[in-house]
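Since the structure comes first, as structure tokens, the remarks are kept for the end.
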Amino acid sequence: MIPAKEFESSPSTDPQSVQVDQMIPDKDFEFSASTDTQSDIAQLRQRIEDLEVLARQQGRTIIEVEKKQVDSDKVIQSLIVQLNVKEVKFDPPRCLKSSQIFLIGGYNGNSWLSALDAYSPSEDMLVSLGPMSSARSYASAVALNGDIYTFGGGNGSIWYDTVERYQPTEDHWTICPSLNQEKGSLAGASLHNKIFAIGGGNGVEIFSDVEMFDPILGRWIQIQPLLEKRFALAAAELDGVLYAVGGFDGKEYLNSAERFDPREASWRKIPNTNMRRGCHSVAVLNGKLYAVGGYDGSKMVSTVEVFDPRYGSWVVDCSMNNRRGYAAVAVHNDSLYVIGGVDKDLILDSVECYKEEQGWEVTKLKAVGKRCFFSAIVL
């Protein structure tokens, strides 16, 4: 295609540059011509005028087409840049319109999971992220400095001492220094830029051990152990203090609880819970500890207790609508979500939501599906 500028500037190709007078016979010839000749000249003039009109129209059309082609080329180049995978940066925390709950590992009734999923309750949407290096259930997970650490647990056959860290900005897991021993059904919490792995067991022994990981040192060290052995316990950090609640000591399910204040460097007992429980969850909502569900030694329970450090006692709160243990619990937008879990041999796919002064509600959220023995983290 000839560019418009060349088309306009070339005398030999531009119909508009042709001078009509040069193609018209001179005056003497016109007077001496016959009538037929004059008629032929008139037709020739008309044809020339028609050609000039057509040439002008074609010129304008070509200019318009070339302009559209230039615009189209710009759009195509823009799309190529946008679709170039090398230029797209993955940013999971912004992949949904609202904040998310990260669901880590577990079991869905068919498979032990290495999956990491970002779940948005407001949209009931589940987004699969980069998986862990291996299936991991009965593990613990904590958030530290914008990353997620998961440690211990197993795959249904063996227990792990391995630790992995997930970086949301890279959608990538890396292997971290291992725990000092293999263990599962342990609890975890972060405090003062350190991670604590608390209690747990390996199928033979039940531990009171507490290991602390300092990212600066790059290794796990043993610190002051729990006052009691605890398997399938739950733990959380509140106001700069660690709390460990319930669990199984090898003989019975416990209603005892203890706290660790780094300033004192030792564990101390706090008032007992009203009920024995293990395989339960503990979460912090509005400055209080919530111990949710679990197993009391004979059955799964739906009961909930609340500990307010200001008053120093456990108070029975309204129960969930369903009995469940080994569920994942997360605080999201001032609400407490309990996701999945088990009741007897049934793996649950329901989600309950709790708000202060409103109680528990069974939601219609279904995106997660059946899942148990997993962890939940909100960054």
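The values are calculated or read from the model by the stated rules, or taken from the named source; none is laboratory data. As the structure is a prediction and not an experimental result, all values here were calculated from the model. Here Cβ is always computed from backbone atoms with ideal geometry, including for glycine, and neighbour counts include all displayed protein chains. Surface accessibility is based on the protein's heavy atoms, side chains included, excluding ligands, DNA and RNA. Shrake-Rupley method; radii C 1.70, N 1.55, O 1.52, S 1.80 Å.
Taken over the range 97-182, the convex hull of the Cα atoms encloses 97 Å³ per residue.
For the range 203-209, backbone phi angles converted through the Karplus equation (6.51, -1.76, 1.60; θ = phi - 60°) give residue-by-residue couplings of x, 10, 10, 10, 10, 9, 4 Hz, Gly and Pro being listed as x.
Database remark: amide H of SER313 closer than 5 angstrom to the amide H of ASP308 (H placed geometrically; neighbours at sequence offset of 5 or more, or on other chains; Pro and chain starts carry no H). Sorting the segments 142-152, 361-371 by their residues' average number of neighbouring beta-carbon atoms within 10 angstrom, most packed first, yields 142-152, 361-371. Each of ALA291, CYS353, SER319 was scored by the projection of its Cα onto the charge dipole of the range 279-360, and the greatest displacement toward the positive side belongs to ALA291; charges sit on the C-beta of Lys, Arg, Asp and Glu.
The three principal axes of the Cα atoms in the range 226-304 give end-to-end lengths of 38, 29, 17 Å, sorted in falling order. Per residue, the range 128-275 exposes 42 Å² of solvent-accessible protein surface, assessed with a 1.4 angstrom probe and all protein chains in place. Between LYS251 and GLN224, the modelled label-to-label distance comes to 2.5 nm, taking each label 7 Å out from Cα in the direction of the beta carbon.
Across the range 366-379, computed HN-Hα scalar couplings (Karplus, 6.51 cos²θ - 1.76 cosθ + 1.60, θ = phi - 60°) run 10, 5, 5, x, 6, 6, 8, 6, 10, 10, 9, 9, 10, 8 Hz from first to last residue, x flagging Gly and Pro. In whole percents, the pair-distance distribution calculated for the range 103-259 from its alpha-carbon pairs, binned every 10 Å from zero, is 11, 40, 36, 13, 1.
Here the range 191-264 is treated with +1 on each Lys and Arg Cβ and -1 on each Asp and Glu Cβ, and its dipole about the Cα centre works out to around 120 debye.
In this structure, the pairs whose alpha-carbon distance is over 27 Å, taken from LYS251/LYS344; LYS344/LYS364; LYS194/LYS251; LYS288/LYS344; LYS194/LYS366; LYS183/LYS269, are LYS194/LYS251; LYS288/LYS344; LYS194/LYS366. As a fraction of the 1.4 Å probe accessible area of the range 232-379, surface on carbon and sulfur atoms comes out at 44 percent.
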